[in-house]
Each structure stands twice: as structure tokens, then as C-alpha cells.
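The values are calculated or read from the model by the stated rules, or taken from the named source; none is laboratory data. What you are looking at is a predicted structure, and each value in this text was computed from that prediction instead of being measured. For neighbour counting, all protein chains shown are included, and Cβ atoms are generated from backbone atoms with ideal geometry for every residue, glycine included. Please note that ligands, DNA and RNA were not included when accessible areas were found on the heavy atoms of the full protein model with its side chains. Shrake-Rupley method; radii C 1.70, N 1.55, O 1.52, S 1.80 Å.
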Amino acid sequence: MTPTSLFGLPEQAAHERVLLATDPATGLKAILAVHSTARGPAFGGCRFWHYDSELAALNDALRLSQGMSLKNALADLPFGGGKAVILKPEGTFDRPALFAAFGRAVQSLQGAYITAEDVGTTTADMRGMQAVTPFVSGIPREGAFGGDPSPKTAWGVFVSIQAGARLVLGRSSLEGVRVALQGLGAVGWHLAEFLHQAGAKLVVADVDATKVERAVAQFGARAVHVAEILAAEVDVLAPCALGASLNEQTVPGIQAKLIAGAANNQLATPADGDALQRRGICYLPDYLVNAGGIISVAREYRGEGEETAVMAEVSKIAERVEELLQRVQTADSTPARVADDWARSKLVRLS
């Protein structure tokens with residue numbers, strides 16, 4: 001799906017700012033999308049990916065940045081929503097130089113956008129950018145809280161699955177609950193660890209066969225092909241790869257009764273959330289359950305908190321899952337649409 005406007009998504013309010021940044025010397029081509037600064041500076045990670053086209057990259061940036069506005073609002077963070085994507089160059093390139101150039105683009109927005117890790121980027125990339133901009137987070141800090149946010153993202157998804165299993169599946173624990181994990185990247189792997197420790201039975205798929213082999217050996221997981229994972233015979237589906245995996249083609253085959261995962265923008269369209277509801281499948285919106293990472297980098301950026309306190313804040317995502325499901329009962333609507341309305345009601349200037 002490609003945008004019909006350079007300024008925002010179809011049938012949505014325009015983004016506040018979209019910056020196209022290039023640097024021929026390093027090969028940088030980046031899109032920095034600021035969706036909303038109503039609650040504060042736009043905060044969201046930087047994705048480093050090979051896109052099929054520049055329009056596909058723009059669409060991803062617009063969808064991701066809007067999702068960050070909703071995510072930060074529901075998490076009650078004093079930040080708006082933004083996101084950046086860097087189009088991965090073909091062939092060899094100087095990675096530190098490219099990220100320094102991206103850092104200069106972030107700096108040019110003078111604090112309207114704050115970046116951090118996302119798919120394809122690392123703590124080393126963020127640390128390297130510190131030389132050219134202070135508007136970056138997700139960096140290990142000596143004597144202070146900070147660093148890789150992926151374990152916090154995974155923990156938020158884990159407590160959401162716990163809450164969903166109790167409220168939707170009627171299970172008092174995850175012991176014996178069958179969970180399909182689509183993707184074993186940084187977040188997916190941590191989530192697999194948490195689920196295994198809780199006694200869940202894992203079904204896994206990833207394009208990296210080595211990660212799948214490790215999961216089979218370490219967690220006793222059952223491996224399936226990436227094309228089969230969404231339709232696996234399980235209780236819970238956890239999409240932890242790229243977005244739009246829940247779409248017109250895949251929704252009819254899903255057997256899980258609960259969906260909660262770390263991937264952003266899992267629904268290709270709002271209609272896919274409606275289709276899940278009609279099939280009796282409870283979809284917990286991604287930006288609600290995967291907010292642990294942004295909570296972590298936000299607290300780091302503000303110089304607040306420490307490990308125990310941040311983990312406790314991330315654990316509160318489970319309470320919001322419970323509140324969402326209560327709202328759904330009285331709203332005669334889907335979790336996705338109720339969550340959207342709830343989050344948009346919070347997109348207001350903070351006093």
C-alpha cells in the first residue's frame with residue numbers, strides 16, 4: 001500500500017513535518033516523519049531497511065510515525081510520535097559515516113524529533129550519532145539507566161500475553177499455552193525466553209535458520225516454515241517481524257484466538273481488524289502491547305528511573321490491556337478501533 005499524499009496517510013490528518021534527507025558522500029537516503037508534537041517532541045526509533053521503492057519507504061515512515069503518536073499517548077509519555085527510516089544502500093558503505101550523516105539530519109530538526117533503535121539499527125549506531133546530535137537515546141550509559149530497549153519491548157508483550165490469556169482464553173497461567181512466534185530477532189528472542197520460562201509451548205519461524213535451530217534446542221520449540229507460522233494450530237499468535245502481516249490473505253487461516261506481538265503496524269488495514277473480530281479472534285493492538293521499548297528509551301533520555309522502576313512501568317501495560325478489553329465490552333467495536341479512539345483522545349497538549 002502506497003500513500004496517496006506526501007503529507008500523510010489516506011483519510012488521516014496530515015503529518016506535522018516530513019523531512020527527506022540525502023547525503024551523496026555516504027549514500028544516506030532517509031525519511032524523518034514527525035506525526036504529532038501535541039504531547040511533546042516526537043519520539044520514535046530509526047529503521048534501517050532495504051525497501052522495494054522510495055514510496056514504500058515513505059509509506060512505512062508515515063505509518064510508523066503515526067503509530068508512535070498512539071503508542072506514546074497510551075503509555076502516558078510526555079512525547080509525540082515520530083519515526084525515521086533509512087533506505088539501506090546497495091553494496092558496501094561506511095556505516096558510521098552514514099549514521100553520522102543521519103544524525104546531522106536529526107539535529108537539523110532542532111529537537112522536534114528524538115531517535116533511537118528500531119529494526120536494523122543498534123546501540124553502536126546510536127552511540128556514534130551522539131557526536132553530532134543530543135537527540136538520540138537507547139545507549140548504554142555509565143552509572144545511569146540506558147541501553148538496548150528490546151528486552152523491555154519483549155517484557156511488555158509478555159505481560160500482555162499473560163493478561164490476554166487470562167481474560168480471553170480463561171487460562172490462569174501460561175503453562176502449556178501454545179504460542180506461535182513469527183520472528184526471532186532481538187525482541188522475538190527475548191520474548192521466547194520469557195514465554196519458555198513461564199511454561200508456554202513455542203512454535204517458531206524465522207528467515208534465519210540458525211535462530212530457529214537455537215530455539216528448538218534451547219526452548220524445545222517446534223519449527224515451522226515462515227509461510228506457515230501465521231496459520232499454526234496454537235492458542236496465541238505473536239507477530240514479531242515486519243508489519244502488515246495480518247491482511248486479507250492471512251487472516252482467514254489464523255487459528256489462534258489471541259494475537260499479541262511486537263511487530264509494528266500488524267494490521268494491513270483497519271478492515272483486517274474487523275475481520276479478526278468476526279472470526280472470534282482477539283487482536284491486542286501492537287502499539288499498546290509493544291510500548292516497553294519506548295518507555296525505556298524515554299526514561300533514559302529524560303535521565304529518569306532505574307532498571308527495577310522501568311520494568312515496573314512496563315509491566316503496567318497489562319493493566320491497559322485489561323482496561324482496553326473492558327472498553328471493548330461496552331463499545332460494540334473492535335479492540336483496534338477502540339484503542340485508536342482511546343489513544344487519539346490523549347493526543348492533546350499537556351499542561
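At a glance:
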| quantity | calculated |
| --- | --- |
| Pair list, Cβ < 7 Å and 6+ apart or interchain, from region 145-157 residues that are on the phi < 0 side of the Ramachandran plot and of a type outside the set (Lys, Arg) to residues that are surrounded by fewer than 24 Cβ atoms within 10 Å (Cβ to Cβ) and not in a helix (DSSP H, G or I) | PHE145/GLY305; PHE145/GLU306 |
| Elements of type strands (runs of 3 or more DSSP E) in region 19-98, at least 2 residues being among the aromatic types (Phe, Trp, Tyr) | 46-49 |
| Options ASP235, ASP208: the member that is at negative phi, open to solvent by 50 Å² or more (accessible area, probe 1.4 Å) and touching a residue at least 12 places away in the same chain (Cβ under 8 Å) | ASP208 |
| Segments classed as helices (runs of 4 or more DSSP H), wholly inside region 210-327, with at least 3 members that are in contact with a strand residue (DSSP E or B) (Cβ under 6 Å, 6 or more places away or on another chain) | 270-278 |
| Answer residue from region 83-141, given it is under 21 Å from the mean Cα position of the chain (by Cα), open to solvent by 40 Å² or more (accessible area, probe 1.4 Å) and among the aliphatic types (A, V, I, L, M) and is nearest to GLY188 (Cα to Cα) among those | VAL119 |
| Matching residues in region 12-27 - criterion: being closer than 19 Å to GLY44 by Cα and in contact with a Leu (Cβ under 9 Å, 6 or more places away or on another chain) | HIS15, ARG17, VAL18, LEU19, LEU20, ALA21 |
| Selection count where residues are aliphatic (A, V, I, L, M) and within 15 Å of the chain's Cα centre (by Cα), scope region 229-248 | 5 |
| Output for region 335-351, where each listed residue is part of a loop (DSSP other than H, G, I, E, B) and either of a type in the set (Gly, Ala, Ser) or over 20 Å from the mean Cα position of the chain (by Cα) (or both) | SER345, VAL348, ARG349, LEU350, SER351 |
| Among the residues listed as LEU19, LEU74, LEU55, the single one being closer than 25 Å to ALA343 by Cβ and open to solvent by 30 Å² or more (accessible area, probe 1.4 Å) | LEU19 |
| One residue from TYR301, TYR283 being aromatic (Phe, Trp, Tyr), closer than 27 Å to SER69 by Cβ and open to solvent by 40 Å² or more (accessible area, probe 1.4 Å) | TYR301 |
